[in-house]
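Reading through the structure tokens given below for one structure.
The values are calculated or read from the model by the stated rules, or taken from the named source; none is laboratory data. If you're wondering where the values come from, they're calculated on a predicted model, not measured in any experiment. Here the Cβ positions follow ideal geometry from the backbone for every residue, glycine too, while neighbour counts run over all protein chains shown. Ligands, DNA and RNA are excluded from the accessible area calculation, which covers all protein heavy atoms including side chains. Shrake-Rupley method; radii C 1.70, N 1.55, O 1.52, S 1.80 Å.
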Amino acid sequence: MSITDNMDEMAEDYEMGDVEDDMYEEFQGRGLGDSDSDDEEYGSLNGRATDISAAQARKGKDIQGIPWDTLNITRERYRKTRLEQYKNYENDCKQTDKGGMYYEFQRNTRSVKSTILHFQLRNLVCATSKHDVYLMSHYSVLHWSALNGEKYEVMNVSGHIAPCEKHPGSLLEGFSQTQVSTLTVKDNLLVAGGFQGELICKFLDREGISFCCRTTYDDNAITNALEIYDSASGAVHFMSSNNDSGVRDFDMEKFQLCKHFRFQWPVNHTSLSPDAKLVVVVGDDPEGLLVDAHTGKTVHALQGHLDFSFASAWNPDGQTFATGNQDKTCRVWDIRNLSKSVSVLRGNLGAIRSIRFTSDGRFMAMAEPADFVHIFDVRSGYNKRQELDFFGEISGMSFSPDTEALFVGVWDRTYGSLLQYSRLRNYSYFDSLL
């Protein structure tokens, strides 16, 4: 994978062709089209972007505010056409019941524009609580509060950015105009990765940037994925997956690189097991790897996918994990028998770009590049699922650590926003109390 992958492949994977143009012509004709500034973009509906609440959705309002009754195409026809226009692999996949209902729509925040810069990398939304979400919006890292409905700029990388602390290995000269390709936040640490191998670390409870470094000066340096974790000693670490075929582990107590594993192909995503002993490694090869977290040596090859993989995640039980591939499937694996995957789950439109488990292991969500997020009931053996259906490219998704909320970033030139869903329990709340 590289940022110069041919545009035909990108179009085949995502773009909707004439029907999209027709739809946007309809929107533009009603004052809902493209804009050159954030102010114009946010002002697409009667001078301001209007949020959609759960109460409005229950009364029949489209959760994205799309005025279907004023368009020349119905939602059903547009969905049917969009599904038909996507070209993808067909696999022998598990048949699942999509009648599950685990998370209900809570709010669509249209004043928050979640964006992406690389069509294959969709890990740009992170929730640190059911009230706090971090996401990319152009060159800004934003914090959005679900409590007060306000957004705050945490970091702006459009100009020059440099660390205010001195640490060995940190680039004191910093970076200019960083193109952020991936983002992760855990507790008080935020790490952003860039197209040129940049790594920018900021502690949210400190002023300024703490640490900057470049993983490599290789031409193929893009940072594809990041994961923050607590080591056995209690020190905070993060793992970086890069296009130079490397996986690097940084110790944020010492602010230094402590491990560097090299593989035979660009690494698009890695996931560390809950006991920190194993790492799932996937990238530009149909075969993934399960490796020893301390040595980087291969424990077992993962065979079954047909194309390159861009997503992985561990179930908190430490026994199973999942991988997402451009062959339009998510495969679930059991470490007790890695000869083949135990489940093959299929999407609707395209590659599986992002996978997340809830912290209690009850649900697994997988995101396609656009339009669909699927939430599987793990206890049902992945036989039951809920399908979140909307329109727009998915910039990322994240469960809150307490499992109570699911946030989905939607990147669209007219209806870009942040979707919020709440976990359903055996009781319900009044909207006024939320």
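Cβ-Cβ below 8 Å, separation at least six or inter-chain, first residue in the stretch 267-278 and in contact (Cβ under 8 Å) with a residue 40 or more places away in the chain and within 17 Å of residue 234 (Cβ to Cβ), second surrounded by fewer than 20 Cβ atoms within 10 Å (Cβ to Cβ) and hydroxyl-bearing (Ser, Thr, Tyr): which pairs?
So the pair list comes out as 272/229; 276/229; 276/231.
Return yes when residue 75 is within 23 Å of residue 138 (Cα to Cα), charged (D, E, K, R), open to solvent by 40 Å² or more (accessible area, probe 1.4 Å) and modelled with pLDDT of 80 or more and no when it is not.
no
Looking at (1) open to solvent by less than 40 Å² (accessible area, probe 1.4 Å); (2) more than 22 Å from residue 414 (Cα to Cα); (3) not charged (D, E, K, R), which one does residue 99 not meet, given that it meets all the others?
All conditions pass for residue 99, except number (1).
Go through the stretch 214-225 and give me each residue that's open to solvent by 10 Å² or more (accessible area, probe 1.4 Å) and assigned to a strand (DSSP E or B).
214
Enumerate the pairs (first residue in the stretch 124-135 and in contact (Cβ under 8 Å) with a residue 60 or more places away in the chain; second residue anywhere and surrounded by fewer than 21 Cβ atoms within 10 Å (Cβ to Cβ) and among the acidic types (Asp, Glu)) with beta-carbon separation below 7 Å, excluding pairs fewer than 6 apart on the same chain, so at least 6 apart or on different chains.
Pairs that qualify, where the first residue is in contact (Cβ under 8 Å) with a residue 60 or more places away in the chain and the partner is surrounded by fewer than 21 Cβ atoms within 10 Å (Cβ to Cβ) and among the acidic types (Asp, Glu), are 130/402; 130/404.
Could we say that residue 260 is outside any loop (DSSP other than H, G, I, E, B) and free of Cβ contacts under 8 Å to residues at least 40 places away in the same chain here?
Against the criterion (outside any loop (DSSP other than H, G, I, E, B) and free of Cβ contacts under 8 Å to residues at least 40 places away in the same chain), residue 260 qualifies.
Residue 266 - would you say it is within 23 Å of the chain's Cα centre (by Cα), open to solvent by 30 Å² or more (accessible area, probe 1.4 Å) and at pLDDT 95 or above?
Judged against the criteria, residue 266 is not a match.
Within the stretch 361-379, work out how many residues are crowded, with 22+ Cβ neighbours inside 10 Å and at positive phi.
So the count comes out to 1.
Name the residues in the stretch 184-199 that are surrounded by fewer than 22 Cβ atoms within 10 Å (Cβ to Cβ), among the hydrophobic types (A, V, I, L, M, F, W, C) and closer than 15 Å to residue 143 by Cβ, would you?
189
Pairs needed: first member in the stretch 366-390, under 19 Å from residue 309 (Cα atoms); second member anywhere, polar (S, T, N, Q) and not in a strand (DSSP E or B); C-beta distance under 6 Å; at least 6 residues apart or different chains.
Hits for this filter: 372/348.
Residues in the stretch 339-360: is at least one under 18 Å from the mean Cα position of the chain (by Cα), over 24 Å from residue 285 (Cβ atoms) and open to solvent by less than 10 Å² (accessible area, probe 1.4 Å)?
Yes: one or more hits.
Taking residue 425 as the residue in question, decide whether it is farther than 21 Å from residue 273 by Cα, of a type in the set (Lys, Arg) and touching a residue at least 60 places away in the same chain (Cβ under 8 Å).
Against the criterion (farther than 21 Å from residue 273 by Cα, of a type in the set (Lys, Arg) and touching a residue at least 60 places away in the same chain (Cβ under 8 Å)), residue 425 does not qualify.
Considering only residues that are assigned to a strand (DSSP E or B) and in contact (Cβ under 8 Å) with a residue 60 or more places away in the chain, which ones fall in the stretch 226-248?
Correct list: 226 only.
Could you please find all residues in the stretch 132-155 being in a strand (DSSP E or B), of a type in the set (S, T, N, Q) and over 17 Å from the mean Cα position of the chain (by Cα)?
Correct list: 145 only.
From the set of residues in the stretch 156-169 that are assigned to a strand (DSSP E or B) and free of Cβ contacts under 8 Å to residues at least 24 places away in the same chain, which is surrounded by the most Cβ atoms within 10 Å (Cβ to Cβ)?
Kept after step one, since they are assigned to a strand (DSSP E or B), are these residues of the stretch 156-169: 156, 160-161, 163.
After this cut, where a residue has to be free of Cβ contacts under 8 Å to residues at least 24 places away in the same chain as well, the list is 156, 160.
Numbers: 156: 13, 160: 11.
Per the criteria, the residue is 156.
Could you list, in sequence order, the residues of the stretch 386-425 that are open to solvent by 30 Å² or more (accessible area, probe 1.4 Å), assigned to a loop (DSSP other than H, G, I, E, B) and either within 13 Å of residue 103 (Cα to Cα) or not acidic (Asp, Glu) (or both)?
Those that are open to solvent by 30 Å² or more (accessible area, probe 1.4 Å), assigned to a loop (DSSP other than H, G, I, E, B) and either within 13 Å of residue 103 (Cα to Cα) or not acidic (Asp, Glu) (or both): 401, 404, 413, 424, 425.
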